[in-house]
Amino acid sequence: MNHEPSLLKQLKLWHIVVIGLGYMAPMAVFDTFGIVTESTDGHVSGAYAFTLIAILFTAISYGKMVKAFPGAGSSYTYAQQVMNPSIGFLVGWTALLDYLFLPMINALLTNIYLSSLFPGVPKAVWIISFVVIMTIMNIFSVHLTVSFGTLLVAFQILVAIIFIILSATSQGQELSFKPFISESASISLLLNGAAILCFSFLGFDAVTTMAEETLKPEKTIPKGILIIACTGGALFITVSYFAQLLFPSASLFHDLEGASAEIAYKIGGQLFQSIFVAAALTSTIASGLVSHMSASRLLYAIGKDGYLPRRIFGYIHPKTKTPIWNVVIIGGLSLISLGLSLEKATSLIAFSSVNIAVFIHYFIQQNKRSFSGYILYVLMPLLGSLFLFFMWLNLEKTSLFIGIVWSVIGIIYLLIARRKNTITIPTFHFD
């Protein structure tokens, strides 16, 4: 009998929603606002609405696949089960790049916020402290992580609501449709904004890595995905709308990348600006917690199948029921941020593979070819894939180069790993 410890099923719908929103970081709407205002010529809200509609097709695809394969590997598991184990590994490998980068990015952002408040403290102090806290909390309990994350997410949403109220009641404020559409708006402008904003919706996919720890994942995760995407999208659209009314043009900002501080000061002076910075800080902490957690689960799924050393990456601690070595490894990798500047990576390969997996699994393998089948398993994944194709065309060259290099490393590693006979592919069965 195999009595190896396994992940503990304990998460409910509200846990999943908190994890997803924490990953998305509601305050992130302000981080890119200045840049997107410039790229969309003052139509940030329209770009968010366009992005939400487009990303929902892929979100629905994730929901369909988690019903069929509720494993911890997310896109890795789906591609592995439906297409081919080697393709699954490469999809998981490329997705892993983002899961590894986000904890580093959050460590860097935390340092930026705290260094602005305490300029005399060395950068290493903030980054190491952040990484140690994230690691310890993820080692001990998923419940502890989610409970703390709930408070952080609630505070961010509260500050966002206060911002909306202050904006709506500010003197001389007039409502307008211009943040969504105007004479100067065009599809190309909205796509320019969507190429940046689509990464604000990362989070609905991350919760699929928690499927093995979720009660009734085939029902809970799909519901959670839609709630996360729609809630986050509604918040992004509303906040950006009122911010755009105040700053209709990028020329009104002194610093496009630091536009959030200018927005907060204009709305509520130094007091609200201080509260705003605190909310931004909690945003990085919440995102840091759940991104650390998601990355450790993806490593666990890959390690459990033998692509990575199973004794380390496939190990679950018998008491904490967490992949403890993965958590520590992610913490160690996060310290690389001590020598990094702020960059972004992408998840487009993982997103694309899930849309393809829906088509193959349901339409081809399950032969669901009724009228509704053509809508659900052909048209919707196709629309999601077309949107992602446009995102590919608008990727930054640096991000594209990093992604290509990382993929090549994965292919080389796979060629070496295939010589071993330690890979076991799990299969899921449902009545």
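The values are calculated or read from the model by the stated rules, or taken from the named source; none is laboratory data. It should be emphasised that the depicted structure is a prediction, and the values quoted were computed from it without experimental measurement. Positions of Cβ are backbone-derived with ideal geometry, glycine not excepted, and every protein chain shown enters the neighbour counts. Protein only, heavy atoms only, side chains kept; ligands, DNA and RNA dropped before computing areas. Shrake-Rupley method; radii C 1.70, N 1.55, O 1.52, S 1.80 Å.
Among the residues of segment 254-266, the one identified as under 16 Å from residue 242 (Cα atoms), surrounded by fewer than 20 Cβ atoms within 10 Å (Cβ to Cβ) and among the hydrophobic types (A, V, I, L, M, F, W, C) is 261.
Per-residue answers, yes or no, for (1) assigned to a loop (DSSP other than H, G, I, E, B); (2) of a type in the set (S, T, N, Q); (3) more than 15 Å from residue 42 (Cβ to Cβ):
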site: 167; (1), (2), (3): no, yes, yes
site: 180; (1), (2), (3): yes, no, no
site: 189; (1), (2), (3): no, no, no
site: 195; (1), (2), (3): no, no, yes
site: 199; (1), (2), (3): no, no, yes
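Does residue 64 count as modelled with pLDDT of 90 or more and open to solvent by 20 Å² or more (accessible area, probe 1.4 Å)? Write out each step before concluding.
On the way: modelled with pLDDT of 90 or more: yes; open to solvent by 20 Å² or more (accessible area, probe 1.4 Å): yes.
When the stated conditions are applied, residue 64 passes them.
In segment 93-127, of all residues being β-branched (Val, Ile, Thr) and surrounded by 19 or more Cβ atoms within 10 Å (Cβ to Cβ), the one that is modelled with the highest pLDDT corresponds to 127. Among the residues making up segment 322-356, those that are among the hydrophobic types (A, V, I, L, M, F, W, C), within 23 Å of residue 303 (Cα to Cα) and either part of a loop (DSSP other than H, G, I, E, B) or modelled with pLDDT under 90 (or both) are 333, 335, 336, 345, 348, 349, 350, 351, 354.
Restricting attention to segment 27-39, which residues are assigned to a loop (DSSP other than H, G, I, E, B) and at pLDDT below 85? 32 - this is the single residue of segment 27-39 that is assigned to a loop (DSSP other than H, G, I, E, B) and at pLDDT below 85. The residues in segment 122-168 that are in contact with a Ser or Thr (Cβ under 7 Å, 6 or more places away or on another chain) and over 21 Å from residue 321 (Cβ atoms) can be counted, and the count is 9.
Check segment 1-13 and report whether any residue there is more than 20 Å from the chain's Cα centre (by Cα), over 20 Å from residue 74 (Cα atoms) and among the aliphatic types (A, V, I, L, M). Yes: one or more hits. Taken as a whole, the structure leaves residue 76 outside the set of residues that are of a type outside the set (Gly, Ala, Ser), within 30 Å of residue 190 (Cβ to Cβ) and buried (at least 21 other Cβ atoms within 10 Å of the Cβ). How about segment 352-381: which of its residues are surrounded by 14 or more Cβ atoms within 10 Å (Cβ to Cβ) and either hydrophobic (A, V, I, L, M, F, W, C) or in contact with a His (Cβ under 7 Å, 6 or more places away or on another chain) (or both)? Once the filter is applied, which keeps residues that are surrounded by 14 or more Cβ atoms within 10 Å (Cβ to Cβ) and either hydrophobic (A, V, I, L, M, F, W, C) or in contact with a His (Cβ under 7 Å, 6 or more places away or on another chain) (or both), segment 352-381 yields 354, 356, 357, 358, 359, 360, 363, 376, 378, 380. Restricting attention to segment 240-259, does a residue exist that is in a helix (DSSP H, G or I), among the hydrophobic types (A, V, I, L, M, F, W, C), farther than 21 Å from residue 181 by Cβ and touching a Ser or Thr at 6+ places or on another chain (Cβ under 9 Å)? Yes; the residues of segment 240-259 include at least one that is in a helix (DSSP H, G or I), among the hydrophobic types (A, V, I, L, M, F, W, C), farther than 21 Å from residue 181 by Cβ and touching a Ser or Thr at 6+ places or on another chain (Cβ under 9 Å). Checking each residue in segment 152-210 for being of a type in the set (Ser, Thr, Tyr) and open to solvent by 40 Å² or more (accessible area, probe 1.4 Å) picks out 169, 184, 186, 188. Within segment 364-405, if we keep just the residues that are over 22 Å from residue 83 (Cα atoms) and of a type in the set (Val, Ile, Thr), the residue that is modelled with the highest pLDDT turns out to be 405. At pLDDT 85 or above, under 18 Å from residue 105 (Cβ atoms), touching a helix residue (DSSP H, G or I) at 6+ places or on another chain (Cβ under 9 Å) and surrounded by 24 or more Cβ atoms within 10 Å (Cβ to Cβ): does that describe residue 281? So residue 281 does not fit the description; no.
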